[in-house]
């Protein structure tokens, strides 16, 4: 369903965004920037109208109401004056807090996890992506048990957290959710088998994989489009890309052919269950021969965003063996002084490049570096396998790395052409 259809078929829900600035929180992120990101998350939903946004300073969260009485009354007056229907709280909200706040303010409450799940649901396109979102949403809702699980009807692209009905019987909900989770797991296992076949077929393609990663809205999809000519959704919107997009590309400097993969943008404080739900989306990064870390260098918190990306990559198991190139994107948004400083940083490193995916500045140098990095990605080696090592021999042929094979008295003499990652995988057999 298109954005226009959302707006015509469903009246816009009037929303207000709150960012709790908790004193004991050790985050280095400025509350105003956190609020700006939360508003951008809300604006990524086509059927929400953001009418206001507030940072609320807290010494400590109130266990039952999150906020103190004075602040609760003050916010209630604001919400009534603005005719707010939904309050988005940029942080975790317990089921008890959610129920109490909804009763106090007479609005629906959605926390950060619920909002990101809504966005994921609205954007997921592949069958596996849809199933993973459904499962993550059900697991999230099971801890709440305060809403009917109307998102399974898929009436408006979201999960139903925003526009679903109210209370329902808890035991009935729990049983229905558990039954649906079992059904989804069965469906997912079938879809995963199909993806494994596709992945196996890709493994036989003798092209290195280049994965674009980065904080959401850093310009990955715009860069991907520039390099591949693909028509991938590239909007100034958080989570514009959710499912893996892969294209075979011939890089201009040398004619080297690669598989380029665009991935979902990372974000700070992304709930762990959502990272798990989208591990399939990020799995192309795990098999990449080269990772391009795309950064929005014009953003005021670009360093903090880079650290978030690094943390998530480490959590996914991306080790230091995988070569990485840092792409300082959106250089066209910098003034002359800032651009000079960034260019100086890039000039001092062989793995850092200042570029603009919009104007194309710096992309020639970046592509040359990609070719240089991948030139040594595949190497020729000679192997000797005994007749008893049939499993290892089958693996080599399955992955399409064998160039020549000769049978001897001792076993099989093979010549292979493979990537470092494939060599490591073979040695781990």
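Under 8 Å by Cβ, and 6 or more places apart or on different chains, what pairs join a residue from region 243-256 that is in the same structural domain as residue 367 (by TED's automatic domain parsing) and closer than 17 Å to residue 223 by Cβ with one that is assigned to a loop (DSSP other than H, G, I, E, B) and at pLDDT 75 or above?
Every condition considered, the pairs that remain are 244/263; 248/207; 250/256.
Being farther than 17 Å from residue 267 by Cα, modelled with pLDDT of 90 or more, within 28 Å of the chain's Cα centre (by Cα) and surrounded by fewer than 19 Cβ atoms within 10 Å (Cβ to Cβ) is true for just one of 52, 70. Which residue is that?
It is 52.
Yes/no matrix, rows are residues, columns are (1) surrounded by 15 or more Cβ atoms within 10 Å (Cβ to Cβ); (2) within 23 Å of residue 327 (Cα to Cα); (3) in the same structural domain as residue 224 (by TED's automatic domain parsing):
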{"position": "350", "(1), (2), (3)": "no, yes, yes"}
{"position": "358", "(1), (2), (3)": "yes, yes, yes"}
{"position": "364", "(1), (2), (3)": "no, yes, yes"}
{"position": "370", "(1), (2), (3)": "yes, yes, yes"}
{"position": "387", "(1), (2), (3)": "no, no, no"}
{"position": "393", "(1), (2), (3)": "yes, no, no"}
{"position": "396", "(1), (2), (3)": "yes, no, no"}
{"position": "399", "(1), (2), (3)": "yes, no, no"}
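State whether the residues of region 328-338 include one that is at pLDDT 90 or above, assigned by TED's automatic domain parsing to the domain that holds residue 258 and at positive phi.
Yes, there is a match, as at least one residue in region 328-338 is at pLDDT 90 or above, assigned by TED's automatic domain parsing to the domain that holds residue 258 and at positive phi.
Which condition number does residue 213 fail, the rest of (1) modelled with pLDDT of 85 or more; (2) touching a helix residue (DSSP H, G or I) at 6+ places or on another chain (Cβ under 8 Å); (3) assigned to a helix (DSSP H, G or I) being met?
(3)
Out of curiosity, is residue 308 in a helix (DSSP H, G or I) and more than 16 Å from the chain's Cα centre (by Cα)?
The answer is no for residue 308.
Going through region 376-400 one residue at a time, which ones are touching a residue at least 24 places away in the same chain (Cβ under 8 Å) and under 30 Å from residue 252 (Cβ atoms)?
Selection gives 377, 378, 379, 380, 381, 399, 400.
Which one of these does residue 222 not meet: (1) closer than 30 Å to residue 364 by Cα; (2) at pLDDT below 80; (3) surrounded by 14 or more Cβ atoms within 10 Å (Cβ to Cβ)?
Residue 222 satisfies every listed condition except (2).
Looking only at region 418-429, count every residue that is within 10 Å of residue 396 (Cα to Cα) and touching a strand residue (DSSP E or B) at 6+ places or on another chain (Cβ under 7 Å) and tell me the total.
Of the residues in that region, 1 qualify.
Being out of contact with any helix residue (DSSP H, G or I) (no Cβ under 8 Å at 6 or more places or on another chain) and farther than 20 Å from residue 222 by Cβ is the filter here; which residues of region 309-323 pass it?
Residues satisfying the conditions are 310, 311, 314, 319, 320.
Do we find that residue 148 is at pLDDT below 85 and assigned by TED's automatic domain parsing to the domain that holds residue 186 in this structure?
When the stated conditions are applied, residue 148 passes them.
Only one residue in 298, 288 is in a loop (DSSP other than H, G, I, E, B), modelled with pLDDT of 80 or more and touching a strand residue (DSSP E or B) at 6+ places or on another chain (Cβ under 6 Å), so which one is that?
Step by step, each of 298, 288 is checked, and only 288 is in a loop (DSSP other than H, G, I, E, B), modelled with pLDDT of 80 or more and touching a strand residue (DSSP E or B) at 6+ places or on another chain (Cβ under 6 Å).
Confirm whether residue 201 is surrounded by fewer than 17 Cβ atoms within 10 Å (Cβ to Cβ), under 22 Å from the mean Cα position of the chain (by Cα) and at pLDDT below 85.
So residue 201 fails the test.
If we scan region 179-193, do we find a residue that is surrounded by fewer than 17 Cβ atoms within 10 Å (Cβ to Cβ), more than 17 Å from residue 98 (Cβ to Cβ) and at pLDDT below 80?
yes
Could you tell me which of the residues 258, 249 is at pLDDT 75 or above, assigned to a strand (DSSP E or B) and out of contact with any helix residue (DSSP H, G or I) (no Cβ under 6 Å at 6 or more places or on another chain)?
Selected residue: 258, the only one of 258, 249 that is at pLDDT 75 or above, assigned to a strand (DSSP E or B) and out of contact with any helix residue (DSSP H, G or I) (no Cβ under 6 Å at 6 or more places or on another chain).
The values are calculated or read from the model by the stated rules, or taken from the named source; none is laboratory data. These numbers were taken from a predicted model, which means no experiment stands behind them. With ideal geometry, Cβ positions are generated from the backbone for all residues, glycine too; neighbour counts draw on all protein chains shown.
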